[in-house]
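Let me begin by presenting the structure, written as structure tokens, before commenting on it.
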């Protein structure tokens, strides 16, 4: 099963946060799980860290390196993903969430999220 982590799950997983739910841990630890993180999340962490957001203090280069070292697959942002954003309903305006949803939909990868708003979108999305 292919699983794409949303940005908060990336950060929580990286820091071994207690905010990472038991269900998320179970899915991510499953032997058949192929775990993906998106360049969109790396971009979001970098941007929000550079703006001084207190919830984005983690070094995005370190996150990326550690995830790659632990066998996660980095999902690049393609033109098809970018174009897929226009087909999404205008439920909210977060471009990073919309990018992750478009990637998951285009690639047929389940997006794991703790964000209830993301669940309102069509596509392969699972709340954990």
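Listed from fewest to most Cβ neighbours within 10 Å, the set 29, 6 follows the order 29, 6. Per-residue ellipticity at 222 nm, computed for the chain from helices alone with -39500 (n - 2.57) per DSSP H run of at least four residues, works out to -13000 deg cm²/dmol.
Which shape class applies to the chain: rounded if a/c is under 1.5, otherwise prolate when a/b exceeds b/c and oblate if not, where a ≥ b ≥ c are the square roots of the Cα gyration tensor eigenvalues? Please report the intermediate quantities before stating the final value.
Values: a/c = 1.39, a/b = 1.12, b/c = 1.24.
Rounded is the answer for the chain, as its axis ratio a/c remains below 1.5.
Neighbour counts of C-beta atoms inside 10 Å place 127, 48 in the sequence 127, 48, starting with the fewest. Contact order, relative form, for the range 2-127: 29 percent (alpha carbon pairs under 8 Å, 6 or more residues apart, mean separation divided by residue count). When the chain is treated as a GNM with alpha-carbon contacts under 10 Å, the residue of 33, 87, 46 showing the greatest mean-square fluctuation is 87. Sorted ascending by nearby beta carbons within 10 Å, beginning with the fewest, 18, 107 become 18, 107. Extension gain for residue 119 to residue 94 (0.36 nm times residue separation, less C-alpha to C-alpha distance): 7.6 nm.
Since every read-out is calculated from the coordinates, none of them should be taken as a lab result. Just so we're clear, the structure is a prediction, and the values are computed from it rather than from any experiment. A quick note on method: Cβ atoms are made from the backbone with ideal geometry, for glycine too, and the neighbour counts reach across all protein chains shown.
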